[in-house]
Amino acid sequence: MKIDLHTHSTYSDGTLAPELLVEAASKVGITHLALSDHDSTEGLSRARTKAAQLNITLIPAVEINTETNPIHILGYFVDENDSNFLNTLKKNRDSREHRMNLMLEKLKGLGINISKEELLNGNKDTALGRPHVADNLIKKGIVKSRAEAFDRYLGKGCPAFVPHKDTTPEDAIQTILAGKGVPVLAHPGFGVQEETIRLLTEKGLQGLEAYYLKHSPDQIKKFLEIAKRYHLVATGGSDYHGPGSGHEALGQANVPLNTVEEILKRKEKLF
Ligand code: AMP
Ligand code: ZN
Ligand code: FE
Ligand code: FE
């Protein structure tokens, strides 16, 4: 058994279509895979079909960014058929599209012409984000990497930056709970304080992504202790975004084998 509970496909800012993501997971021996696209569950059915062929358990998930950087909330075992939940995600995607229009106008002012169609890669349901622009700038030979694109054009304070009106952490948790999902704080090591985790727990948070690929052993230890203190499930994943993304360590986060079961127990307790 091998588990990865944090990955992205072309339905958000991953570079692999759901089927190719699942094939890549199979190649590295993953048996339990969560697809956690930003603001979208639209890639799940394609991923699930491929996963069934390759004997992989596909865990439905989503990641919602919030206005409080770096708080991102993962939702596990969300109900892909709940129309209210789907409407909320669609609204988030529409707001991303609006922001993208503003960013493309700014780039135009800098003499860089990018159309939205170019960014969508033929997938009109994509939750658009800055990495899509970064990849296009690489394709056009304007920058060499996603990192350079963020440094020169897309990062906060850069010429093409437009802030995104994201939801609050509390609303992100509520959205996931309303979709019968288990809300988990993603990559707490990016700078989330224990007091914030305590407050989020009061708002309904159920888990902490202690085994995040980029956490140091000390961070993992610290977040496992915090998880225990607040009765949170410890989860983990690689945040794989596909080849060329800079987040390419699929399946390498060493997530304990009982994690999926622990998340499921939470789900049963909650709903
Ligand atoms: P957005 O959703 O448009 O705000 O873009 C945020 C996403 O961009 C994050 O989820 C990361 O995957 C990616 N990202 C943020 N900063 C950087 C960076 N400096 N280099 C590469 N990717 C980044
Ligand atoms: Zn992403
Ligand atoms: Fe994230
Ligand atoms: Fe992510």
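The values are calculated or read from the model by the stated rules, or taken from the named source; none is laboratory data. Keep in mind that what you see is a predicted model, and the values were worked out from it rather than measured. Don't worry about glycine lacking a Cβ; one is built from the backbone with ideal geometry, like all the others, and counts go over all protein chains shown. Keep in mind that these areas ignore ligands, DNA and RNA; they rest on the heavy atoms of the full protein, side chains included. Shrake-Rupley method; radii C 1.70, N 1.55, O 1.52, S 1.80 Å.
How compact is the chain by the rule of thumb for globular proteins, expressed as Cα Rg over 2.2 N^0.38 Å?
Details: Rg = 17.9 Å, N = 271, 2.2 N^0.38 = 18.5 Å.
Here the answer is 0.97, to two decimals.
Under the Karplus relation 6.51 cos²θ - 1.76 cosθ + 1.60, θ = phi - 60°, what is the ordered set of whole-Hz ³J(HN,Hα) values for region 58-68, x standing for Gly and Pro?
9, 9, x, 8, 7, 10, 10, 6, 10, 5, 9
If amide hydrogens are placed 1.01 Å from N in the peptide plane, which non-local residues have theirs closer than 5 Å to the one on V62?
Amide H neighbours of V62, under 5 Å, 5+ apart: G75.
Quick check for you: which residues of region 19-61 have the amide N under 18 Å from the point 7 Å beyond the Cα of K180 toward its beta carbon?
Only 41-42, 44-45, 58-61 fall inside the zone, counting backbone N under 18 Å.
Rolling a 1.4 Å sphere over the protein heavy atoms, what is the accessible area per residue of region 119-261, to the nearest Å²? Provide the component values of the computation, followed by the final result.
Numbers: 6610 Å² over 143 residues.
Result: 46 Å² per residue.
Using Cα springs under 10 Å in a Gaussian network model of the chain, which residue among E80, E261, E248 shows the largest mean-square fluctuation?
Among E80, E261, E248, the largest mean-square fluctuation in the Gaussian network model of the chain belongs to E261.
Given a 1.4 angstrom probe, what's the average accessible area per residue across region 1-112, in square angstrom? Working shown, then result.
On the way: 4450 Å² over 112 residues.
Dividing the accessible area of region 1-112 by its residue count gives 40 Å².
Read phi for every residue in region 22-33 and hand back ³J(HN,Hα) as whole Hz from Karplus 6.51 cos²θ - 1.76 cosθ + 1.60, θ = phi - 60°, with x for Gly and Pro.
Karplus-based 3J(HN,Hα) across region 22-33 equals 5, 4, 4, 5, 4, 4, 9, x, 6, 9, 10, 10 Hz.
With all pairs of different alpha carbon atoms counted, what Kirkwood hydrodynamic radius in Å does region 160-244 show? Before the final figure, lay out each step's value.
Working: mean 1/r = 0.0726 Å⁻¹.
Evaluated on region 160-244, it is 13.8 Å.
So what J values fall out for region 210-219 if you push phi through Karplus, 6.51 cos²θ - 1.76 cosθ + 1.60 with θ = phi - 60°, rounded to Hz, Gly and Pro as x?
Each residue of region 210-219 in turn: 5, 8, 7, 3, 8, 6, 6, x, 5, 5 Hz.
Share of antiparallel DSSP beta bridges in the chain, in percent to the nearest 5?
Numbers: 9 of 24 bridges.
Among the beta bridges of the chain, antiparallel pairing accounts for roughly 40 percent.
What distance in nm separates the two pseudo spin-label positions at T49 and S83, each 7 Å out from Cα along the beta-carbon direction?
About 2.4 nm separates the two model spin labels.
Each label point is 7 Å from the Cα along the Cα-to-Cβ direction; what then is the distance between the points at L224 and N69, in nm?
3.2 nm
Please tell me which of these pairs span more than 27 angstrom C-alpha to C-alpha: K203/K265; K2/K221; K156/K203; K27/K165; K2/K180; K116/K203?
The answer is K156/K203; K27/K165; K116/K203.
Mind checking the full-extension length gain between L257 and K269? Use 0.36 nm per residue of separation minus the Cα-Cα distance, one decimal, nm. Walk me through the intermediate numbers first.
On the way: separation 12, 0.36 × 12 = 4.32 nm, distance 2.03 nm.
Full-extension gain reported as 2.3 nm.
Roughly how many percent of the accessible protein surface of the chain is carbon and sulfur, given a 1.4 Å probe and a whole-percent answer?
Details: 6140 of 12270 Å².
It is 50 percent, rounded to a whole number.
As a test of reading the structure, rank D239, D79 by solvent-accessible area (1.4 Å probe, protein chains only), most first.
Working: D239 10, D79 45 Å².
Largest accessible area first, the residues go D79, D239.
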